[in-house]
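Please treat every number below as a calculation from the coordinates, not as lab data. Here the structure is a predicted model, which is why all the values come from computation and not from measurement. Note that each Cβ is placed from the backbone with ideal geometry, even for glycine, and that neighbours are counted across all protein chains shown.
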Amino acid sequence: MSEFIKNKVLAGERLTKQDAVSLFKSDDIFSLGRLANNIAEKKNDKSAYFIVNRHINPTNICVNRCKFCAFSRSKGEFGAYELTIEEIIEKLRVANCELRISEVHMVGGLHPDWPFEYYINMLSEIKKEFSAIAIKAFTAVEIDYLSKISGLSLADTMVKLKKNGLDLMPGGGAEIFVEDVRNKLCPEKISGDRWLEVMEAAHMAGIKTNATMLYGHLESIEDRVDHLLRLRELQDRTGGFQAFIPLSYHPRNTEIGGFYSSGIDDLKTIAISRLVLDNFDHIKAYWIMLGEKISQVALLFGADDLDGTIIEEKITHSAGAMSEEGMTREELTHLIRKAGKIPVQRDAFYNAI
Ligand code: V47
Ligand code: SF4
């Protein structure tokens, strides 16, 4: 890594597109990791966060059928499923009884028939029974779809969802913003510009969100950097992003195929994200996708969060994830301690519990 970039980072100066590209092209992974760890510790000391949560995917039926997605099905296709609100509540009862969860993470397909009321009832029924559980639900792609089926503006959709129990939003659906790659990956999905517009509307409505980037498929280094810079620009304006999560592409059972990302690329991407996204408080090493061991090492490469207990994970496991589907609180704290960091159990808003 050049002394120039290192000195810039240490002086608190912002990295340019050119700087970020040159970091991706460098093989000096040790210097990169050390620098990113330095910045992570400036922001969060030695804390590494985790949350006791549960993932639920209400349906895998989706009208988009993205070419990298092995989770989705068309209506009537073998393997397609739909959960009733009672089934969702029952999953939460079991999880809460066993673990006292503080967050439910819910994302799913764009169902061709479910009315807006299904989503409103789902939120309000969950809140009625589990007032202490934060609901983190709906990607920007789903919010755009909900606005269409409800006939409401983006702003009014956000207000209605918030009133009925939506606390915050996950960062999915961002994929890669650059148009030509996005068109190859997911031609039916909203554009990168629209994804950013939905997130801006969420932030304006007082809903915090995360942001993601799917990497390791057809994109170039320049496409990744473009993605990061566009997120940084929106964060400058709204401050509404809580965490950034690089999502490593899994190739099994997908239309585009290809390879798993390498461990080196995973660590580089975490570290460069930490350095470029100077206005994000948290970088998450999502252990489901990185695997337990790379995500542990990522805690020394700029990440400060492992996500959580998860319990059930379908999206990545449909595409060949090799991790478990859930981890216990003890397993998470063990990984964090053995990385020399301090485990901090957090709520959905990064308050220590
Ligand atoms: O939007 C789909 C991705 C995302 C594949 O905000 C794939 O805290 C890899 O966004 N290989 C959903 N990734 C998951 C997501 C997420 C996960 C954990 C935490 C948070 C958060 C958000 O999964 C989708 C898409 O980008 N995805 N297929 C695949 N084959
Ligand atoms: Fe549908 Fe999301 Fe899968 Fe795309 S990634 S097919 S929008 S579930």
Checklist entry - For region 9-43, how many residues meet the condition of being in a helix (DSSP H, G or I) and either farther than 21 Å from residue 227 by Cα or of a type in the set (Gly, Ala, Ser) (or both)? => result 16
Checklist entry - Does residue 316 fit the bill of being within 16 Å of ligand 2 (Cβ to nearest atom), crowded, with 20+ Cβ neighbours inside 10 Å and touching a residue at least 60 places away in the same chain (Cβ under 8 Å)? => result yes
Item to check | Pick from region 109-159, criterion touching a residue at least 60 places away in the same chain (Cβ under 8 Å) and touching a strand residue (DSSP E or B) at 6+ places or on another chain (Cβ under 6 Å), ranking: farthest from ligand 1 (Cβ to nearest atom) | outcome: 134
Checklist entry - For region 213-233, does any single residue satisfy the condition of being among the hydrophobic types (A, V, I, L, M, F, W, C) and more than 23 Å from residue 266 (Cβ to Cβ)? => result no
Next on the checklist: Which condition from (1) within 16 Å of ligand 2 (Cβ to nearest atom); (2) outside any loop (DSSP other than H, G, I, E, B) is the one that residue 110 breaks?
Outcome noted: (2)
Checklist outcome for this item: Log entry, pairs with first residue in region 257-276 being on the phi > 0 side of the Ramachandran plot, second being of a type outside the set (Ser, Thr, Tyr) and assigned to a loop (DSSP other than H, G, I, E, B), beta carbons closer than 9 Å, six or more apart or on different chains, reads 257/251; 258/68; 258/216; 258/217; 258/218; 258/251
Checklist entry - Can you tell me which residues in region 187-212 are within 24 Å of residue 307 (Cβ to Cβ) and assigned to a loop (DSSP other than H, G, I, E, B)? => result 189, 206, 207
Checklist entry - When the residues of region 66-105 are filtered to those that are under 21 Å from residue 139 (Cα atoms) and touching a Phe, Trp or Tyr at 6+ places or on another chain (Cβ under 7 Å), which remaining residue is surrounded by the fewest Cβ atoms within 10 Å (Cβ to Cβ)? => result 92
